[in-house]
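Trainee: My questions will all concern the structure given below.
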Amino acid sequence: MNILFIERCLSQKSIVFDQIKRINEHANITILNINIGKYRGFDHPDVINVHCPFFPKIEHVKSYLFNHVVLKEIKKIVDNKKIDIIHSHFAYPEGLITSKLSNKYKIPYVITGRGSDILVYPKTNRYLKKIISKVLTNCNVFIGVSNHLIATAVEMGLEKNKAYFIPDGIPENIFFYDPEPKQQTSIRSILFAGSLLPVKNVLRMIKAFVIVAKAKANVQFRIVGAGPLKDEILKVITRYDIQNSITFLGQLDHWRLAMEMENADLLCLPSISEGWPNVVMEAMSCGTPVVGANVGGIPEQIISDDYGYLCDPNSSEDIAEKLLLTLDRKDWNYEKISKHGKLYTRDDTAKKIVKVYSNIAQNDNK
């Protein structure tokens, strides 16, 4: 089976590329990687890098330019090998050109909805809502990384029987719980891991940290990630004089992140929108409870108070209350939390997706 992936600015370190590599163990793959602006992609025998000089904010122009770049390359791919399925990991703009290629070459297509493409983009303007709804309506299969994403896609026109719930899964043998007792210390640790972006709600989280720092001595807040809001975060930290309580760790690889998660008392993720945040399951795999926003796929991860607490992302006070509740609780079953975090692995995810491909091929041959 030959699968063509159409992706944008794909990175060798990304979850998507890791997934595609695992799929390659069961199917033949070709990746058309459209790189925007200064992004140059990476060398790999299965990757065809195509350059798009810029990506305008005007959606009609963006769609035209993206389609134009892809169409210049696609004919050579289709002429050189039989493509059985086209798969894109974002409903727009990748999904738009994928649907057009499917119609032109009569090849079935799969869309994986990951979060903002389904939850945020359609709310931006009528053009995006119309385009994404059409992509979802016409796809052969929609893979949602959370049931919440699937439900939202169905509201936009997706036929429910085309939908599959397949979360990303955690990397095996990286995130795990060590049952050996941790060295006792008076310092308590709250970890955040994610991009410093408005959608991650980091400014309100910092204000929640201020409340926690006033209520409880010897709490350290450790922030993993980078992004445009760092300067503004630093201003808030200075204003409330909690510089000594916060450590910025920058971006970490999986191994170092796993160590931070294992050593933390809890992970905090108060985002205002999420598809299926992998850091939640990764933290749980380390036996670490999570305080997460009651949005998107997070309630499907924190399914009960056995694993952490859901918070209101619009309230610094509620975020702080759940952080303090987690820190004060003495009866956490860390082994149970870890077992729950390991429910989905990346190998399982790849195998489920390959099974979806087989189902499409069988239906296509009927």
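Trainee: Go through segment 161-193 and give me each residue that's closer than 24 Å to Arg346 by Cα, among the aliphatic types (A, V, I, L, M) and part of a loop (DSSP other than H, G, I, E, B).
Mentor: If the condition is that a residue be closer than 24 Å to Arg346 by Cα, among the aliphatic types (A, V, I, L, M) and part of a loop (DSSP other than H, G, I, E, B), then Ile166, Ile174 are the ones that fit.
Trainee: So, one more: Only residues that are surrounded by fewer than 18 Cβ atoms within 10 Å (Cβ to Cβ) and farther than 23 Å from Ser102 by Cα: list them for segment 37-56, please.
Mentor: Residues satisfying the conditions are Gly37, Lys38, Tyr39, Arg40, Phe42, Asp43, His44, Pro45, Pro53, Phe54, Phe55, Pro56.
Trainee: Going by the structure shown, is Glu282 under 17 Å from Leu191 (Cβ atoms), in contact (Cβ under 8 Å) with a residue 40 or more places away in the chain and part of a helix (DSSP H, G or I)?
Mentor: Criteria met by Glu282.
Trainee: Still on this structure, I have one more. Out of everything in segment 307-329 that is touching a helix residue (DSSP H, G or I) at 6+ places or on another chain (Cβ under 6 Å) and assigned to a loop (DSSP other than H, G, I, E, B), what residue ends up being surrounded by the most Cβ atoms within 10 Å (Cβ to Cβ)?
Mentor: Tyr307
Trainee: Now for a different question. Tell me yes or no: at least one residue of segment 339-360 is in contact (Cβ under 8 Å) with a residue 60 or more places away in the chain and farther than 30 Å from Asn2 by Cα.
Mentor: yes
Trainee: Considering only residues that are among the polar types (S, T, N, Q) and under 20 Å from the mean Cα position of the chain (by Cα), look in segment 138-172 and name the one that is farthest from Tyr92 (Cα to Cα).
Mentor: Checked segment 138-172; the qualifying residue farthest from Tyr92 (Cα to Cα) is Asn147.
Trainee: Also, quick follow-up: Which residue out of Ile15, Ile20 is closer than 22 Å to Asp347 by Cβ, out of contact with any His (no Cβ under 6 Å at 6 or more places or on another chain) and at pLDDT 95 or above?
Mentor: None of the other options fit; the residue is Ile20.
Trainee: Among the numbered criteria (1) out of contact with any strand residue (DSSP E or B) (no Cβ under 6 Å at 6 or more places or on another chain); (2) closer than 22 Å to Leu10 by Cβ, which single criterion is violated by Ile107?
Mentor: So the condition that Ile107 fails would be (1).
Trainee: I would also like to ask the following. With the requirement that a residue be under 16 Å from Thr288 (Cα atoms) and without any contact (Cβ under 8 Å) to a residue 60 or more places away in the chain, what does segment 250-275 give you?
Mentor: Within segment 250-275, Arg256, Met259 qualify.
Trainee: Find all pairs meeting these conditions: Cβ atoms under 9 angstrom apart; at least six residues apart or on different chains; first residue within segment 61-80 and farther than 15 Å from Gly95 by Cα; second residue hydroxyl-bearing (Ser, Thr, Tyr) and part of a helix (DSSP H, G or I).
Mentor: Cβ pairs passing all conditions: Val78/Tyr105.
Trainee: Hey, another quick one. Checking the structure you have, find out if any residue of segment 135-152 is at positive phi, outside the structural domain of Pro270 (by TED's automatic domain parsing) and out of contact with any Pro (no Cβ under 6 Å at 6 or more places or on another chain).
Mentor: Within segment 135-152 (the criterion being at positive phi, outside the structural domain of Pro270 (by TED's automatic domain parsing) and out of contact with any Pro (no Cβ under 6 Å at 6 or more places or on another chain)), the answer is no, since none of the residues qualifies.
Trainee: Counting only residues that are out of contact with any Ser or Thr (no Cβ under 9 Å at 6 or more places or on another chain) and small (Gly, Ala, Ser), which one in segment 283-312 is nearest to Ile337 (Cα to Cα)?
Mentor: It comes out as Ala283.
Conditions tested, residue by residue: (1) crowded, with 19+ Cβ neighbours inside 10 Å; (2) without any contact (Cβ under 8 Å) to a residue 60 or more places away in the chain; (3) touching an Asp or Glu at 6+ places or on another chain (Cβ under 8 Å); (4) in the same structural domain as Ser285 (by TED's automatic domain parsing).
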| residue | (1), (2), (3), (4) |
| --- | --- |
| Leu196 | yes, yes, no, yes |
| Lys200 | yes, no, no, yes |
| Leu203 | no, yes, yes, yes |
| Lys214 | no, yes, no, yes |
| Val219 | yes, no, no, yes |
| Pro228 | no, yes, no, yes |
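The values are calculated or read from the model by the stated rules, or taken from the named source; none is laboratory data. Computed from a predicted structure; not experimentally measured. Virtual Cβ from ideal backbone geometry, glycine too; neighbours counted across all protein chains shown.
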